[in-house]
Amino acid sequence: EVVGMVSIFTYGFEIATKAFLAAGLEYKSLTNYSTLIELAVEKGIVSVEQQNTLLNWSLDPANWDVK
């Protein structure tokens, strides 16, 4: 019987969050996409402009388009 799930990383997609809630399962992750992007900005790997693009992608990756 599955009672929950643990992962190392999550993109934090809303559809997944809703699926776990609907199934009545607890979900925990060690880190996530927004934390990864924040760290990349802090370290100078990603610019603030790139950060905005990357975070916009995560809102709806299936329909994302660079504009």
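Leaving out ligands, DNA and RNA, and with a 1.4 Å probe, what % of the accessible surface on the chain is carbon or sulfur?
Details: 3240 of 5510 Å².
Roughly 59 percent, rounded to a whole number.
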Just flag the GluC sites (Glu not before Pro) in the chain sitting in loop per DSSP whose Cβ has no more than 11 other Cβ atoms within 10 Å.
Glu1
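For n ≥ 4 DSSP H runs only, could you compute -39500 (n - 2.57) per run for the chain, divide by its residues and tell me the 222 nm figure to the nearest 500? All intermediate terms of the calculation are to be shown ahead of the outcome.
On the way: 3 runs with 32 residues, N = 67.
Here the helix-only value at 222 nm equals -14500 deg cm²/dmol.
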Please identify the longest segment of the chain free of exposed chymotrypsin sites (Phe, Trp or Tyr not before Pro), where exposed means a DSSP state other than H, G, I, E or B and no more than 15 other Cβ atoms within 10 Å.
14-63
Inter-label distance, nm, simple model (7 Å from Cα along the C-beta direction), Thr35/Ser7
1.3 nm
Mean-position separation - Cα centroids, the range 39-67 and the range 2-16, in angstrom:
21 Å
Please calculate how many Å² of accessible area the chain carries per residue, with a 1.4 Å probe and no DNA, RNA or ligand atoms counted.
82 Å²
Below 8 Å, C-alpha to C-alpha, sequence gap of six or more: please give me the relative contact order for the chain in percent.
30 percent
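Please report the equivalent ellipsoid semi-axes of the chain, computed as sqrt(5 x eigenvalue) of the Cα gyration tensor, largest first, in whole Å. Show your work: numbers first, answer last.
Numbers: eigenvalues 149, 50, 7 Å².
Square roots of five times the eigenvalues give 27, 16, 6 Å.
The values are calculated or read from the model by the stated rules, or taken from the named source; none is laboratory data. In this text the structure is predicted, and so the values were computed from the model without any measurement. Positions of Cβ are backbone-derived with ideal geometry, glycine not excepted, and every protein chain shown enters the neighbour counts. Side chains are part of the model used for accessible areas, which takes the heavy atoms of the whole protein and leaves out ligands, DNA and RNA. Shrake-Rupley method; radii C 1.70, N 1.55, O 1.52, S 1.80 Å.
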